[in-house]
Each structure stands twice: as structure tokens, then as C-alpha cells.
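Chemist: Below you'll find the structure I mean.
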Amino acid sequence: QVQVAESGGGLVQPGGSLRLSCAASGSTFSGYAMGWYRQAPGKQREFVARIVSGDSTNYADSVKGRFTISRDNAKNTVYLQMNSLKPEDTAVYYCNVRFLGNNYWGQGTQVTVSS
């Protein structure tokens, strides 16, 4: 059974940084896409970043140049380094694993950017 668990959220001031982690278990995911989405209050869940095999990455325009996604295949873990955070980055951040045609989600971790 595939399980996904995020960690690393919290409260940070504008301009600050946070690093999110997502650990997947139940199989080996090195050849599959892993990514991050976020959902702000009253808004739909939106794509943030994705990394696939070979370290190919994609980012939403709103986070390009500020966020960096990376992965450690030996640990089945994906990271999201978030720099220059803005109040509009406040949201629940969800990890997604796309595995054998199915989407697996974690429970989310809250990121709040506020002074």
C-alpha cells in the first residue's frame, strides 16, 4: 500500500524560507513523478512543482525562481525548498505521487507566511 507523508510546514515571515519534505512508502518510486500542490482557503488546489525521472522539473509560474524541487530516490523522498516566501504562498501544501496510473496524496502540511 502506497503511503505519502509531508512534513516541514510552519509559520514564517515574508521573505523567509522553509523546506518541505515528502516521504513515500510501499514501493520504489524512482521512475515516477513526484510533486507538490497547494490549496489556499477558498481556492482550488493548484500545481506548484513536479520532478520526474532524470531530474526533469516543472514549476508553476508563480513560484519559478523562488522554489526548488529535488528528490532522493534512495529515500523515496521529495523536497521543496521555498525561498523569498510571500503572504500569497500561504496554503496547505500536498505531496503527490503519480504511480502506475494512480495519484497518491499526503494529508498536507500548513505553510503560513505572515509578519
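Chemist: Sort D55, D61, D72, D89 from largest to smallest accessible area, using a 1.4 Å probe on the heavy atoms of the protein chains.
Modeler: Of D55, D61, D72, D89, the descending order of accessible area is D61, D55, D72, D89.
Chemist: How far, in nm, would the chain grow between A23 and A40 when pulled straight, counting 0.36 nm per residue and subtracting the alpha carbon separation?
Modeler: Result for the pair: 3.9 nm of gain on full extension.
Chemist: OK, next. Counting only heavy atoms of protein chains, what accessible area per residue, in Å², does segment 38-115 have with a probe of 1.4 Å?
Modeler: On a per-residue basis, segment 38-115 sits at 54 Å².
Chemist: Taking 8 Å as the Cα distance limit and 6 or more residues as the minimum spacing, I'd like the relative contact order of the chain as a percentage.
Modeler: Numbers: 280 pairs, mean separation 42.5, N = 115.
Relative contact order of the chain: 37 percent.
Chemist: For K86, go through the lysines and keep the ones whose alpha-carbon is under 19 Å away, minus same-chain ones fewer than eight residues off.
Modeler: Filter leaves K43, K64.
Chemist: Among DSSP beta bridges whose residues both lie in the chain, state the antiparallel percentage, nearest 5.
Modeler: Of those bridges, close to 95 percent are antiparallel.
Chemist: Rounded to two decimals, what is the ratio between the C-alpha radius of gyration of the chain and 2.2 N^0.38 Å?
Modeler: Here the Cα radius of gyration is 1.00 times the empirical estimate.
Chemist: Which distance in nm do the two modelled labels at A5 and S84 give, with both placed 7 Å along the Cα-to-Cβ direction?
Modeler: Modelled inter-label distance: 3.4 nm.
Chemist: Can you give me the % of accessible surface on the chain that is carbon or sulfur? Probe 1.4 Å, all protein chains present, nothing else counted.
Modeler: Carbon and sulfur together cover 43 percent of it.
The values are calculated or read from the model by the stated rules, or taken from the named source; none is laboratory data. Small disclaimer: the values here were computed from a predicted structure and weren't measured. Positions of Cβ are backbone-derived with ideal geometry, glycine not excepted, and every protein chain shown enters the neighbour counts. SASA here: full protein model, heavy atoms, side chains in, ligands and nucleic acids out. Shrake-Rupley method; radii C 1.70, N 1.55, O 1.52, S 1.80 Å.
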